[in-house]
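The structure appears below as structure tokens.
The values are calculated or read from the model by the stated rules, or taken from the named source; none is laboratory data. Just so you know, these numbers come straight off a predicted model, no measurement behind them. Glycine also receives a Cβ, built like all others from the backbone with ideal geometry; neighbour counts cover every protein chain displayed. Please note that ligands, DNA and RNA were not included when accessible areas were found on the heavy atoms of the full protein model with its side chains. Shrake-Rupley method; radii C 1.70, N 1.55, O 1.52, S 1.80 Å.
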Amino acid sequence: MTDEFNRYYIKIRVILGINSKTIFDELTEALGPDAPSYSMVKNWAKRFREGREDVSDDPRSGRPISVLTVENIECVRQVIEDDPHSTYEDIIVKTDLSRGTIERIIHDHLKMRKVVSRWVAHQLTDEQKKKDFEFVVKI
């Protein structure tokens with residue numbers, strides 16, 4: 001169950017006049033170790049009693065995760081296409097992105113990994129396999 005479903009449950013039980021401890025006990029019985037903590041149930045119940053309607057998290061301060069943009073993904077892809085032997089440090093210098101962001105882009109979005117100091121796709125197409133095989137045969 002997601003946090004929002006738990007909060008909807010808490011909200012409905014608060015509307016019905018059920019106290020926080022009973023709500024917590026019900027969630028614990030139903031969800032076991034996946035149940036939210038008592039302090040979390042108590043805090044959300046208080047918010048709903050005070051008139052809160054929304055069950056979503058409040059926006060948080062700090063740096064937003066806006067670095068995973070299409071532009072940054074394409075920028076990293078272009079750096080790797082220009083030089084498949086580029087290192088993380090090369091990509092950091094050329095893109096001004098953090099190492100963690102670059103790792104996420106390369107592995108999660110571009111689905112690439114480093115093989116013999118060269119970036120290659122995780123899943124090669126038949127054409128790519130043939131091209132790489134021809135390269136190995138020529139050597």
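Just a few scattered comments:
- Filter result for PRO36 (open to solvent by 50 Å² or more (accessible area, probe 1.4 Å) and either assigned to a loop (DSSP other than H, G, I, E, B) or in the same structural domain as THR95 (by the TED database) (or both)): no
- Test: residue in the stretch 7-24 that is surrounded by 13 or more Cβ atoms within 10 Å (Cβ to Cβ), aromatic (Phe, Trp, Tyr) and more than 27 Å from the chain's Cα centre (by Cα): yes
Here is a yes/no grid of residues against (1) farther than 28 Å from THR28 by Cα; (2) open to solvent by 60 Å² or more (accessible area, probe 1.4 Å); (3) out of contact with any Ser or Thr (no Cβ under 8 Å at 6 or more places or on another chain):
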{"site": "VAL41", "(1), (2), (3)": "no, no, no"}
{"site": "ARG47", "(1), (2), (3)": "no, yes, yes"}
{"site": "VAL55", "(1), (2), (3)": "no, no, yes"}
{"site": "ILE73", "(1), (2), (3)": "yes, no, yes"}
{"site": "ASP83", "(1), (2), (3)": "yes, no, yes"}
{"site": "THR101", "(1), (2), (3)": "yes, no, yes"}
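- For the stretch 31-68, a tally of residues being at positive phi and either modelled with pLDDT of 85 or more or over 23 Å from the mean Cα position of the chain (by Cα) (or both) returns 2.
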